[in-house]
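This report refers to the structure that appears directly beneath it.
The values are calculated or read from the model by the stated rules, or taken from the named source; none is laboratory data. Remember, predicted model here, so these are calculated numbers, not experimental data. Note that each Cβ is placed from the backbone with ideal geometry, even for glycine, and that neighbours are counted across all protein chains shown. Side chains are part of the model used for accessible areas, which takes the heavy atoms of the whole protein and leaves out ligands, DNA and RNA. Shrake-Rupley method; radii C 1.70, N 1.55, O 1.52, S 1.80 Å.
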Amino acid sequence: MIKKTKKIAAQLIKILFAAGIIYWLVQSGKLNFSALRNLLNPGIMALAAGIVLVNFFLASERWRVLVKSQGIPAKAWSSFKLTLIGQFFNFAMPGGVGGDVIKAFYFTREFPGTKVVAATSVLIDRVLGLYAMILLAMMVMIYDFAHVSHVSTLLNLFYFIVALFVVFSVALGLVFSTKIYDRQVLKRVINKLPLSEKFMKIYESLHLYGNHIPRIIQVIVLSLIAQTTAILFLYMVGVASGFTDIPAKTYFLVAPLGFMATAIPISPAGVGVGQAAFYFLFNVYTGKSTDVGPTTITAFQVCSFVVSLLGAFFYMRYKRPKDISEASDMA
């Protein structure tokens, strides 16, 4: 009872936090919903929904590549439905039980005895997705370094992104390395930690993905393509909303950094945090005050929610549905 109360309280805090940021942005004029009226066009709405669907499908295929690397014959359509269900619960059930947990739970229903693979696959999928965001942000900042180097905030962000890239690269290299695993270097370190048995299971499970480096590269490439589709969406919304003076390269720099901020689990599906992050990043990069950041990310989140309602449809039609509280045991 206490545990359930804490989860409910945490969810309410996150929802209130997101609502507070949105309210502040609207009241201060930083989030102008009137700009979104230009998007209420059947052609633009259909194109937007199509781009989001492609984005979700690429995310699904990225995850399926990891699952298949562990010898599980996951099908594209089945994985896509599970991904949509997970996307829906990212909005519907923020907090202790997120979309990834729900997706992993129903995956184990389709493939009994794969609880470890389900849990580690969604974990490594998130890690590699974040790694691809860092990589894309770093590449774009290097491409536009002449501008980045003249803005102190951007330069500090660049150093931070490079540091993150190095840390992630080293960490992934250590986890995937066969030599380090055989010499039990990390195992000796893990054995000295609290909850060493659980950490050891996670390490050994994640290490298995290192035996399939070509698939890891494939996952990173799919992540980069998926991010490109999301950036295309933002750019389309920006142009349709009248922000025609902002070049495409700005979106390629801001989007990965902004999406990294939305990945922090402090609000439902990054709502609120995304608006604040995109507002700040676009203003810093362009050197002027503009509403393009909150406008574009709000449109993306609204469209993502609408498309994710397909996940609710598939969830309702899922065979042998059980109480969702069972999934929380996997968290």
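Cβ separations smaller than 8 Å between residues 6+ apart or across chains give the following pairs from segment 190-217 residues that are at pLDDT below 90 to residues that are assigned to a helix (DSSP H, G or I) and surrounded by fewer than 13 Cβ atoms within 10 Å (Cβ to Cβ): Gly210/Thr178; Asn211/Thr178.
Within segment 190-208, is even one residue crowded, with 18+ Cβ neighbours inside 10 Å and closer than 30 Å to Met141 by Cβ? No, every residue in segment 190-208 fails to be crowded, with 18+ Cβ neighbours inside 10 Å and closer than 30 Å to Met141 by Cβ. When Phe305 is tested against (1) aromatic (Phe, Trp, Tyr); (2) modelled with pLDDT of 90 or more; (3) touching a helix residue (DSSP H, G or I) at 6+ places or on another chain (Cβ under 6 Å), exactly one condition is not met: (2). Based on what the data block shows, is Val189 in a helix (DSSP H, G or I), out of contact with any helix residue (DSSP H, G or I) (no Cβ under 9 Å at 6 or more places or on another chain) and not small (Gly, Ala, Ser)? Yes; evaluated as a whole, the condition is true for this residue.
Residue check: is Arg37 modelled with pLDDT of 95 or more and either basic (Lys, Arg) or assigned to a loop (DSSP other than H, G, I, E, B) (or both)? Explain how you work it out, then say what you get.
On the way: modelled with pLDDT of 95 or more: no; either basic (Lys, Arg) or assigned to a loop (DSSP other than H, G, I, E, B) (or both): yes.
No; evaluated as a whole, the condition is false for this residue.
Would you confirm whether or not segment 242-251 contains a residue that is of a type in the set (Val, Ile, Thr), part of a helix (DSSP H, G or I) and open to solvent by less than 10 Å² (accessible area, probe 1.4 Å)? For segment 242-251, residues of a type in the set (Val, Ile, Thr), part of a helix (DSSP H, G or I) and open to solvent by less than 10 Å² (accessible area, probe 1.4 Å): present.
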